[in-house]
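A.B. asks: One structure follows; several queries about it will come next.
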Amino acid sequence: MFRLLLPALSLLMVLCPSSAYAASQQANNLRLNLLLERVEVSLQAHLALVEQLHLDQETLLALGSAAGDDLQPIYVATSNNYRDSVEAAVSVSSAIAGVNQTAITLFEKWRDEIGYLTDARLKADNEAQFAASWQRYEELIQPLKQSEAMIDPVLAELRKFLTYFKYALDEPSIASRKTELSDTDNNIVALINALTASTVKSKAFLESTQ
């Protein structure tokens, strides 16, 4: 995607060689590098959350089949994993916000600098490049936001079970929640799949700039 961006911004610098514009061009290059760093941070945050959700899934399934003296330690492990997942989810949301904020700033500056062009053909070419780059960015950010929207409902389900079993940690109580536990497991799997799809998009985005 941003293979298009650097040549376009370099062309603008040639056509508008003032010191003020050169400084602006340098700032845009820094913003591009920052965007790529933000995407990498987001990628790592997504991978960490996926790993943590696998642990949630394991302990939740173990809790659903636990009995006797195994109940309390498995409950504690489930509770600890939930807290770690909340922290990982916060990191994901923060990373996505960083990607979006940085990208919006970059594209706004790029749009402003296209205004320096006076040649109609060059301006049209750069506007086409801008539109293509924006579309590619949308292809990245939309899956990230969609998977992010799935996180809180899944964490709410886990919190519900932890609250319930905190006061009713016995085999009959767990048996009465078997169907709900299974549904939550399915939702965790769906979230893991969505987050994994987002990591694929992020990797493709980063590779397209190399």
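A.B. asks: Could you work out, for region 88-210, what percent of all Cα-Cα pairs fall into each 5 Å distance bin, beginning at 0 Å and stopping at the bin that holds the largest distance?
C.D. replies: P(r) over region 88-210, rounded to whole percents: 2, 9, 14, 15, 12, 10, 9, 7, 6, 5, 4, 3, 2, 1, 1, 0.
A.B. asks: Still on this structure, please answer the following. Would you mind working out the magnitude of the charge dipole of region 5-207 relative to its Cα centre, with +1 at each Lys and Arg C-beta and -1 at each Asp and Glu C-beta, to the nearest 20 Debye?
C.D. replies: On the way: 16 positive and 26 negative charges, 129 e Å.
Using Cβ point charges on Lys, Arg, Asp and Glu, region 5-207 gives about 620 debye.
A.B. asks: To continue, here is another question. By how many nm would the segment from residue 175 to residue 187 lengthen if fully extended, with 0.36 nm per residue of separation less the alpha-carbon distance?
C.D. replies: Gain in length upon complete extension: 2.4 nm.
A.B. asks: If you don't mind, another one. Rounded to two decimals, what is Rg over Rh for region 5-207 when you use alpha-carbon atoms and the Kirkwood radius?
C.D. replies: With Rg and the Kirkwood Rh in hand, the quotient comes to 1.21.
A.B. asks: Which FRET efficiency value, to the nearest 0.05, do you get for residue 206 and residue 149 by plugging their Cβ-Cβ distance into 1/(1 + (r/R0)^6) with R0 = 22 Å? Spell out each step's value before the answer.
C.D. replies: Working: r = 23 Å, r/R0 = 1.05.
Step by step, r from the Cβ atoms, then E = 0.45.
A.B. asks: R0 = 30 Å: FRET efficiency of residue 196 with residue 37, Cβ-based, nearest 0.05?
C.D. replies: Details: r = 22 Å, r/R0 = 0.73.
It comes to 0.85.
A.B. asks: Something else about it: Going by average Cβ neighbours within 10 Å, how do the peptides 95-108, 69-82 rank, with the highest at the top?
C.D. replies: On the way: 95-108: 18.0, 69-82: 15.5.
In decreasing order of mean packing, 95-108, 69-82 become 95-108, 69-82.
Quick note: the coordinates plus some simple rules give every number you see, no bench work behind them. Everything numeric here is computed off the predicted structure, so don't read it as measured data. In this analysis, Cβ positions are derived from the backbone assuming ideal geometry, glycine residues included, and neighbour counts consider all displayed protein chains.
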